[in-house]
Amino acid sequence: MTTMEIAPSPRSDIFGEPLTTRERVVLAELTEDVTLEDIARRLFVTRNTVKSQVRSVYRKIGVSTRTEAVAWARAAGMR
């Protein structure tokens, strides 16, 4: 997935905090059937960095599981 396929700026209506570009990339990666290690490898960062970014995404969009985050991403028009 390329960053060009990601919606311009999904916002969390719950908290009003916009997702950063990197958070949108990580969220888009979560929609695929890959592990956090796979995402880290693709983005050239550590697994812990991805975990931190995932936690930040979850907080901003008001979810607590990957399934909920993927559903939110699809509802927001992200692929």
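Every read-out reported here was derived from the displayed coordinates using simple, explicitly stated rules and does not represent laboratory data. What you see is a predicted model, and the numbers here were worked out from it, not measured in a lab. For neighbour counting, all protein chains shown are included, and Cβ atoms are generated from backbone atoms with ideal geometry for every residue, glycine included.
Could you check the simple spin-label distance between residue 45 and residue 21, using points 7 Å along Cα→Cβ, in nm with one decimal?
1.3
Which whole-Hz ³J(HN,Hα) couplings does the stretch 37-49 yield from phi under the Karplus relation 6.51 cos²θ - 1.76 cosθ + 1.60, θ = phi - 60°, glycine and proline marked x?
With coefficients 6.51, -1.76 and 1.60, one gets 5, 4, 4, 4, 4, 5, 9, 6, 9, 7, 4, 5, 4 Hz.
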